[in-house]
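Chemist: Starting off with a structure, shown below.
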Amino acid sequence: MLRFTTTKAFSAARAVTKPGMIRCYSQYPLSKTITLPTGESYEQPTGLFINNQFVPGKQHKTFEVLNPSTEEVICQVHEARAEDVDLAVDAAEKAFEGDWSLGDPAVRGRALTNLADLMEAHKDTLIAIESLDNGKTLANATGDVALVVNYLRYCGGYADKLDGKVVNTGSDYLNIVKREPLGVCGQIIPWNFPLLMWSWKVGPALASGNTVVLKTAESTPLSALYAANLAKEAGIPAGVLNIVSGFGKITGEAISTHPRIRKVAFTGSTRTGKHIMAAAAQSNVKKVTLELGGKSANIVFNDCDVKKTVENLVTGIFYNSGEVCCAGSRIFIQDGVYNEVLAEFKAAAEAVKVGNPFDPSNYQGAQTSQQQVDKILGFVDIGKKEGATLITGGERSGDKGYFIKPTLFADVTPKMKIWTDEIFGPFGVIAKFKTVDEAIALANDSEYGLAAGIHTLNLNTAKYVADRIKAGTVWINTYNDFHNAVPFGGYKQSGIGREMGESAFDNYTQVKAIRIKIDESGNN
């Protein structure tokens with residue numbers, strides 16, 4: 001049952017909500033039984049997860065969560081405001097000062113390993129929640145959950161390996177350099193990979209001995225809330241992990257500016273990342289890591305394996321409905337194979353099956369929101385006006401749900417907005433090049449530098465180009481190919497810091513030097 005305080009209050013709340021979301025005052029329950037398209041049911045937590053309990057927000061506000069495939073309401077979740085963030089920080093701070101940060105790291109490792117085991121045991125439910133909430137296909141969600149499980153196990157195994165060292169400056173001193181956790185870490189995750197980004201933030205933070213206040217994306221909060229229950233069951237103590245659902249301008253802002261949060265990690269747009277960085281500096285000089293936008297180059301050379309390359313191009317731009325920050329959205333094809341690759345790529349794009357994410361035969365599911373659909377179609381109009389050639393797609397698919405046909409534009413030049421701007425959908429732009437150095441120049445002609453792809457059978461070419469591409473990840477003869485031990489992050493305006501691999505733990509630790517004067521006389 002919904003209960004609105006006043007029409008005016010409801011209208012004001014709705015006015016600052018994204019299209020397709022309704023915010024309201026509510027006595028909504030803290031969990032709801034949801035029936036999946038498979039016919040199975042599960043219990044979905046809907047409250048804020050603070051101090052290992054699901055609780056309503058202090059203002060008793062909720063907002064709707066929509067199914068992007070049907071445009072129907074799945075449920076409502078409780079909305080956090082600044083006072084709820086304060087409560088979460090209180091719980092996290094208390095937990096940090098206890099055994100979690102100072103105790104045996106192996107205990108943290110076991111808790112994360114237990115969580116990975118529980119995630120694996122609940123994988124079918126988690127996969128279904130991701131498809132229901134985000135619109136991604138079951139195949140995409142299956143890949144996400146597998147990565148989540150592997151990464152949490154990796155972090156669990158790393159918890160007792162964050163060692164310091166002894167520095168030798170002579171026998172009259174003992175110098176100990178140790179790595180310590182930061183404290184309460186604020187984390188703000190995006191809607192395109194809800195559970196995967198949850199693990200990328202939570203895993204290294206907890207393994208390092210920090211505690212967490214994490215804000216879910218307002219359009220996709222469900223898997224994070226479900227995982228919170230599993231974290232409690234895994235033995236993660238009260239207050240160590242807190243999950244708050246809410247909106248960026250309110251909940252995200254409260255995290256970014258909070259005086260007792262010592263670090264903020266954000267994945268999302270470059271524009272929002274710049275704001276968070278400024279807020280972190282102006283509040284208490286928080287440590288900041290940002291994984292931001294991309295407009296990644298995918299370079300095809302004359303000597304490529306055409307069949308495998310086209311498969312990689314499809315993965316690069318149509319995987320996860322194109323809602324991938326490192327998507328290979330700028331495709332450069334060398335003149336010797338341009339016509340052949342373009343024809344094969346067009347045919348492959350038109351063969352991509354788009355539709356119900358619970359249908360295993362579909363490769364591409366729904367976009368996450370009407371807002372994304374409008375943005376993508378707006379760029380279709382821009383591309384046409386700018387003089388680019390529409391090769392295929394450029395329109396909605398079906399009469400219900402947020403589905404877009406795979407879209408390709410050719411004859412694209414560096415001054416066009418569809419070249420420069422991150423579109424974040426199944427939308428690739430194509431240009432021709434002649435020489436290796438021209439390809440490098442085209443690839444680097446961007447303010448972004450998250451990733452790149454190179455397709456060639458010549459190792460010398462691959463190494464030469466990879467060394468000169470200004471991007472944090474370069475894939476060769478593959479794309480969107482992640483491993484939990486390999487770091488991921490951006491150059492330029494694509495961000496600061498790294499996710500995954502050993503590098504991720506640098507984001508969640510600080511170095512302390514302890515220098516002890518030794519009395520060589522033997523007197524203590």
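Read-outs: derived from the displayed coordinates by stated rules, not from any lab. Computed from a predicted structure; not experimentally measured. For neighbour counting, all protein chains shown are included, and Cβ atoms are generated from backbone atoms with ideal geometry for every residue, glycine included.
Chemist: What is the spin-label model distance, in nm, from Asp411 to Asp445 if the labels are put 7 Å beyond Cα along the C-beta direction?
Modeler: That separation, rounded to one decimal, is 1.7 nm.
Chemist: Could you please report the charge total around Asp160, scoring K, R as +1 and D, E as -1 over all other residues with beta-carbon less than 13 angstrom from its beta-carbon?
Modeler: Here the charged neighbours net out to +2.
Chemist: Out of residues 5 or more away from Gln44 or on other chains, whose amide H comes under 5 Å of its own, with H placed 1.01 Å from N in the peptide plane?
Modeler: Lys32, Thr33, Ile34
Chemist: Could you tell me which of Met277, Val213, Ser397 has its Cα farthest along the dipole of the chain towards the positive end, charges placed at Cβ (Lys, Arg +1; Asp, Glu -1), taken about the Cα centre?
Modeler: Looking along the dipole axis, the top candidate is Met277.
Chemist: Counting other beta carbons within 10 Å of each residue's own, what order do His78, His483, His275 fall into, fewest first?
Modeler: Details: His78 29, His483 13, His275 17.
Taking fewest neighbouring Cβ atoms as first place, the list is His483, His275, His78.
Chemist: Then there's this: Classify region 39-152 from the C-alpha gyration tensor, please: rounded if a/c falls under 1.5, else prolate or oblate depending on whether a/b exceeds b/c.
Modeler: Taking the square roots of the gyration eigenvalues as a ≥ b ≥ c, region 39-152 is oblate.
Chemist: Next up: Based only on other Cβ atoms within 10 Å, what is the fewest-to-most ordering of Tyr42, Tyr173?
Modeler: Taking fewest neighbouring Cβ atoms as first place, the list is Tyr173, Tyr42.
Chemist: Then there's this: Give the calculated FRET efficiency between Thr38 and Asp163 to the nearest 0.05, with a Förster radius of 45 Å applied to their Cβ-Cβ distance.
Modeler: 0.45
Chemist: Note the per residue figure in Å³ for the convex hull of the C-alpha positions in region 297-483.
Modeler: 112
Chemist: Of Gly428, Val380, Tyr479, which is farthest on the positive side of the dipole of region 297-483, counting Cα position, with +1 on Lys and Arg Cβ, -1 on Asp and Glu Cβ, and the Cα centre as origin?
Modeler: The one lying farthest along the dipole's positive direction is Val380.
Chemist: Count the net charge of all other residues whose Cβ sits under 13 Å from the Cβ of Ala205, scoring Lys and Arg as +1 and Asp and Glu as -1.
Modeler: Once positives and negatives cancel, what remains is +3.
Chemist: Given labels modelled 7 Å from the Cα in the Cβ direction, how far is it in nm from Lys512 to Glu311?
Modeler: 5.2
Chemist: Compute the distance from the alpha-carbon center of region 276-305 to that of region 178-233, in whole Å.
Modeler: Value for the Cα centre distance between the two parts: 19 Å.
Chemist: Contour minus end-to-end for Ser269 and Ala485, with contour as 0.36 nm per residue of separation and end-to-end as the Cα-Cα distance?
Modeler: Working: separation 216, 0.36 × 216 = 77.76 nm, distance 2.48 nm.
That pair, Ser269 and Ala485, stretches by 75.3 nm at full extension.
Chemist: Could you point to the label whose value was computed as Cα extents along the principal axes in Å for the structure here, given (i) 69, 65, 47; (ii) 73, 61, 42; (iii) 81, 68, 42?
Modeler: Comparing each candidate, only (iii) matches the computed number.
Chemist: List the pairs from Lys165/Lys517; Lys286/Lys375; Lys295/Lys512; Lys201/Lys400 whose alpha-carbon separation is above 28 Å, in the order I gave them. Kindly include the intermediate steps, with their values, before the conclusion.
Modeler: Details: Lys165/Lys517 17 Å; Lys286/Lys375 33 Å; Lys295/Lys512 38 Å; Lys201/Lys400 34 Å.
Going by Cα-Cα distance, Lys286/Lys375; Lys295/Lys512; Lys201/Lys400 fall outside the 28 Å limit.
Chemist: Post the alpha-carbon centroid distance, region 424-448 to region 338-403, in whole angstrom.
Modeler: 20
Chemist: Could you check the simple spin-label distance between Ala466 and Asp381, using points 7 Å along Cα→Cβ, in nm with one decimal?
Modeler: A separation of 4.3 nm, rounded to one decimal place.
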